[in-house]
Structures are given as C-alpha cells and as structure tokens.
1. In debye, nearest 20, what is the charge dipole magnitude of segment 36-179 about its Cα centre with +1 on Lys and Arg Cβ and -1 on Asp and Glu Cβ, if you could check?
2. Which whole-Hz couplings ³J(HN,Hα) result when phi for each residue of segment 36-50 is put into the Karplus expression 6.51 cos²θ - 1.76 cosθ + 1.60, θ = phi - 60°, listed in order with x for Gly and Pro?
3. Hey, rough spin-label estimate for residue 112 and residue 68, points 7 angstrom out along Cα→Cβ, what's it come to in nanometres?
4. Would you work out which of 154, 164, 94 lies farthest towards the positive end of the dipole of segment 7-172? Charges go on Cβ: Lys and Arg +1, Asp and Glu -1.
5. Pairs of alpha-carbon atoms within less than 8 angstrom and 6+ residues apart define the contacts here; what relative contact order does the chain have, in percent?
6. Could you tell me which residue out of 82, 56, 113 lies farthest along the dipole of the chain toward its positive end? Charges go on the beta carbon: Lys and Arg +1, Asp and Glu -1, centred on the Cα centre.
7. Sum -39500 (n - 2.57) across every DSSP H segment of at least 4 residues in the chain, then divide by the residue count to get the 222 nm mean residue ellipticity, nearest 500.
8. Once you have the alpha carbon radius of gyration of the chain, what is it after dividing by 2.2 N^0.38 Å, with N set to its residue count?
Amino acid sequence: MAQQRAVLTQDDELLRSEQQLRTEGFYWIAGVDEAGRGPLAGPVTAAAVVLPPDVPALPGVFDSKQLSEAEREELYQELFSLPGIQISVVSESAAEIDRLDILRATHQAMRRAVAGLEKADFVLVDGLPVQFTLPSRNLVKGDARSASIAAASIVAKVTRDRIMMEADKSYPQYGFARHKGYGTAEHLAALKKYGPSPIHRKSFRPVYELLPDTPVQGTLDF
C-alpha cells in the first residue's frame, strides 16, 4: 500500500529540513526533483516547488515512486490548488538531451525550474549536488525525506507522464502511454520493428544501435 498521508502538519518529519533551514534564516525553500532520466524516448522533466510556509496543513505528499498513478494525479491537483504555493516545471527535449547529455540536460532543467519561481532563497535537491545560483543542499533519497522535494517529484512525474500520453497519440505504435518511454520489452520490440521516432533519444542504447553514427550515452537504469 502506498505511504500517502491525508495531510502534513508543520511539525511533520517530512518538513524537518525546511524547518531547520528557516532557523538558519531562509524562508522560501524550493524542493527540486526530476522525472525521466532513464527512458529511451521523451523529455526529462524537472519541477521546483516552494510549499507555503505558514499553512497549518499541507497535502500529504510522499515519494512519487511509492504512489499509484491515481494518487499522484490527486496530489498533483491538490498541490496546484494550494493557496500560496509556487510551482515551476521545465522539460528538456530528447534533442536537447542528445546535444548536452542526460546529466547536463537534467541539471539545466532543474536550474531553469528554479529560475522560474517568483521567490526562492534556498534549494533542496534530490540526489547528488547540482550547482544553482542560490544556496543549495542535496538530499540523497530526498523525495522520501523532504516534503518540498516530494511535491516536486510528484509534479515532475505527472507532467512527464502526461507528455508521454500525448506523444502516444502521434506515435501509437510504440506504446508510450503504457511504458512512458522506458525500455520495456514491448518498447524494445516496437523500436526494432519501426525504428526510432522523432522523440527517441538517439544517443541512448538501444536507439543508438539503430543509428550507429550518433554518439552514445548509454541507458540509465533509474
């Protein structure tokens, strides 16, 4: 069963990092996470979320990977309806991923997402360190440790899933609505049968294997 909570109060464990930063003099704390680093097709999407600091109860966000699709959609709607919240979402295309490489494209999306916020004075980012113009701190498994990062993970995941479901209408032969571009057996079989689409990452194996003149990045398993 998913570990969704009905609400988060300001003394919840998931808000400990945010509350600690406020004792250090920061106020507008942005959580940042991404979705879509590993797929063979589609964009990588990053979200930055600043939860309103003075709301007594917040949506019961949790690591998006531990939630069902329906739970993520529900929380996504709750987050966008929350008064005082700041949300910024940026996607980098497959072409941009091929141009930069997946790590640089992901970091670029994260920085652009933070830049799109109206107010932020500190960044909490999931995973490894990322360079921002603002002070920042990385949290390993941050989407399970910080409410702001968890909210960003939900926004990024739902946004990217919707992009891939739209892509399925243009390229139904690949099954994007089901696997969202990840390298499932169904996707690999379609890729071999039909060849790459315009939204496939040409520098990723096994897409690269069909386009041997393209520089390879490899497939990421996350």
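1. On the way: 16 positive and 18 negative charges, 77 e Å.
For this selection, approximately 360 debye.
2. My calculation for segment 36-50 gives x, 6, x, x, 8, 9, x, x, 9, 10, 10, 10, 10, 10, 10 Hz in order.
3. Label at residue 112, label at residue 68, 3.4 nm between them.
4. The residue sitting farthest along the positive end of the dipole is 94.
5. 28 percent
6. Ranked along the dipole, the leading option is 113.
7. On the way: 8 runs with 84 residues, N = 222.
Helix-only estimate at 222 nm: -11500 deg cm²/dmol.
8. 1.04
Only the coordinates and a few stated rules stand behind these numbers; no lab work does. This one's a predicted model, so the numbers in the text were calculated from it and none came from an experiment. Using ideal geometry, Cβ is built from the backbone for each residue, glycine included, and neighbour counts are taken over all protein chains shown.
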